[in-house]
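Colleague: The structure is given below, and queries will be raised subsequently.
Nothing in this text is a laboratory measurement; each read-out follows from the coordinates by a stated rule. What you see is a predicted model, and the numbers here were worked out from it, not measured in a lab. Note that we place each Cβ from the backbone using ideal geometry, even for glycine, and neighbour counts take in every protein chain shown.
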Amino acid sequence: DTDKGRLHASTTLLDFIAASMIEGAGDGAIGPVLLEPQLDAVGDASRHSTEEILTRLETMQRGLDALVREQQRDEEEREESLFAKQIECFLQDAEPEHAKNTQHAQDVELSFYNFCEYVGEKSTSPEDSFGALWSMVQSFDAACLRMHRHSVACK
């Protein structure tokens, strides 16, 4: 029986799960269901540390603070230069955007640690957890492709 042959070709738990998914999809399936394209943000998240993101936000804040000081100095000297007006226009958009991004980064970090607590996992860094998840996604996709090739060969 070719169905049993597909499942017997599995060598790992992921292979077995992938083969079972292929079995469940039936002959009308277009191909293997891959997680990587659907979860590519996890791969991106695994390459950036929270510390790196917060450091970049702090650097941006120092730059914004320097612009505010420059703007205040220009106002004190009563210079209505084009540069001062450009700084003012830039800051009107940049300061709220930076505050929003900083708050979002803090919310994401808190949500991650709350999630770890909810599922009973120890709180590792998000990049470590996303890295582990991304490795599992890649391993699963490799198993799906392997089992799909095997199922096509058995037909």
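Colleague: Residues in the stretch 30-74 near a label at residue 99, defined as backbone nitrogen under 15 Å from the 7 Å Cα→Cβ point?
Modeller: 61, 64-65, 68
Colleague: While we're here: Using θ = phi - 60° and the Karplus curve 6.51 cos²θ - 1.76 cosθ + 1.60, what whole-Hz ³J(HN,Hα) does each residue of the stretch 38-46 get, with Gly and Pro shown as x?
Modeller: Couplings: 7, 10, 4, 5, 5, x, 4, 5, 6 Hz.
Colleague: Expressed in whole Å with the largest first, what are the equivalent ellipsoid semi-axes of the stretch 33-146 derived from the C-alpha gyration tensor as the square root of 5 times each eigenvalue?
Modeller: Over the Cα atoms of the stretch 33-146, the semi-axes work out to 43, 16, 10 Å.
Colleague: Across the stretch 62-70, in residue order, what do the Karplus-derived ³J(HN,Hα) couplings come to in whole Hz, using 6.51 cos²θ - 1.76 cosθ + 1.60 with θ = phi - 60° and x for Gly and Pro?
Modeller: Once rounded to whole Hz, the list reads 4, x, 5, 4, 5, 5, 4, 4, 5.
Colleague: Give me the extension gain from residue 136 to residue 149: residue separation times 0.36 nm, minus the current Cα-Cα distance, reported in nm with one decimal.
Modeller: 2.7 nm
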